[in-house]
Amino acid sequence: MTSVAIVTGASSGIGAATARRLAAEGFHVLAAARRTDRLAGLVAEIAAAGGSATAVACDVTSDESVAGLARAAADAPGPVTVLVNNAGGARGLDPVETGSIADWQWMYDVNVLGTLRVTQALLPALERSGAGTVVVLSSTAGFTVYEGGGGYSAAKHAQTAVAGTLRLELCGRPVRVVEIDPGMVRTEEFSLNRFGGDAAKADATYAGVAQPLVADDVAECVAWCATLPHHVNVDRLVVRPLAQAAQHKVHRVGS
């Protein structure tokens, strides 16, 4: 029977790359996101490559929408064995002193409560499979703070706390919890969204960095963790580009 993997935030970036990668591993992927037009294209692409996927409209900040995702999982063509909590993002790079409360609220709602809401809804199915895996896509901001990153770091620290607590609480049950913490990843939307669509500011984030990570690099990490023998739990995987030695130490050509 085909195993089912659920990926939230699958309409672009790391989520879309993860959906493709898990489909290539033989999972039937439930690709969940708000933008169903993009999901339709992703599902068609996966099918053309010989994989199997279903698009599911889902807003992780909505109880009703997440309940719909759980219903779609119940109708999927096999046991749900993998959940990738990828939906998230950053808004703004303002200091704490002047940070937008609305931006902080959005980051907490999507990154933390979204992960909580989806995990709660899918955990029964993951446990019934007898070999479930919850992957939480956090960030190096989940254990390191930096100037201007207070809101995002606070949300990612909280998301990391959720993952660690869940792992303790599930000890002895057939569900492992994996946290993946990427550093600098260049995707088509992350920094653009962070800076409200300002392409110049988004591009400046990666200026002079020869090879930041890309979405496929992180998707490869997700697939590796999810396909290891089930008794192997990768508690936390930190992945950065070679040019980034730490949050504050990045080699930029010409600088």
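Shown for the chain: the carbon plus sulfur share of the solvent-accessible area, taken with all protein chains present and a 1.4 angstrom probe, equals 55%. Helix 114-128 and the longest principal axis of the Cα set of the chain meet at an angle near 30°. Local charge sum around residue 13 (other residues, Cβ-Cβ under 15 Å, Lys/Arg +1, Asp/Glu -1)? Summing Lys/Arg as +1 and Asp/Glu as -1 gives +1.
For residue 176, the residues whose modelled amide H falls within less than 5 Å of its own, excluding neighbours fewer than 5 places apart on the same chain, are 132, 133, 134.
The convex hull of the Cα atoms of segment 94-160, projected and averaged over all directions, covers 4.7 nm². Distances between every pair of Cα atoms in segment 116-255, grouped in 5 Å steps from 0 to the bin holding the largest one, split as 2, 9, 16, 20, 20, 13, 9, 6, 3, 1, 0 percent.
Under a Cβ-Cβ cut-off of 13 Å, what is the net charge of the residues other than residue 201 that fall near it, where Lys and Arg count +1 and Asp and Glu count -1? So the environment of residue 201 carries a net charge of -1. The orientation-averaged projected area of the convex hull spanned by the Cα atoms of segment 172-234 comes to 5.6 nm². Where the centroid of each part is defined by its Cα atoms, how far is segment 36-94 from segment 129-148 in Å? Between the Cα centre of segment 36-94 and that of segment 129-148, the gap is 18 Å. Over the chain, the reciprocal of the mean inverse Cα-Cα separation, the Kirkwood hydrodynamic radius, stands at 18.3 Å.
3J(HN,Hα) couplings calculated from phi for segment 93-100 with the Karplus curve 6.51 cos²θ - 1.76 cosθ + 1.60 (θ = phi - 60°) are, in sequence order, 9, 8, x, 3, 4, 10, x, 6 Hz; Gly and Pro show x. The C-alpha atoms of the chain define a longest principal axis, and helix 13-24 lies at about 30 degrees to it.
Each residue of segment 30-45 is assigned a 3J(HN,Hα), and the resulting list reads 8, 8, 10, 5, 7, 8, 5, 5, 5, 4, 4, x, 5, 5, 5, 5 Hz, derived from the Karplus form 6.51 cos²θ - 1.76 cosθ + 1.60 (θ = phi - 60°), x at Gly and Pro. Per-peptide packing, taken as the mean over residues of other Cβ atoms within 10 Å, places 242-252, 212-222, 36-46, 167-177 in the sequence 212-222, 36-46, 167-177, 242-252 from highest down. In this simple spin-label approximation, residue 207 and residue 252 carry label points 7 Å from Cα along the Cα→Cβ vector, and these lie 0.6 nm apart. Our coupling estimate for segment 216-232, obtained by passing each phi through the Karplus curve with A = 6.51, B = -1.76, C = 1.60 and θ = phi - 60°, is 4, 5, 6, 4, 4, 5, 4, 4, 4, 5, 6, 10, 5, x, 5, 6, 9 Hz, Gly and Pro reported as x. Amide H contacts of residue 30: 5, 6, 7, 54, each under 5 Å away and 5 or more positions distant or on a separate chain (H built 1.01 Å from N in the peptide plane; Pro and chain starts excluded). In the context of the full set of protein chains, the chain has a per residue accessible area of 46 Å² (1.4 Å probe). Normalising the Debye intensity of segment 30-102 to I(0), with uniform scatterers on Cα atoms only, and taking log10 at q = 0.15, 0.21, 0.27 Å⁻¹ returns -0.63, -0.98, -1.33.
The values are calculated or read from the model by the stated rules, or taken from the named source; none is laboratory data. These numbers come from a predicted model, not from an experiment. Here the Cβ is made from the backbone with ideal geometry for all residues, glycine too, and neighbour counts use every protein chain on show. All accessible areas refer to the heavy atoms of the entire protein, side chains included, with ligands and DNA or RNA removed. Shrake-Rupley method; radii C 1.70, N 1.55, O 1.52, S 1.80 Å.
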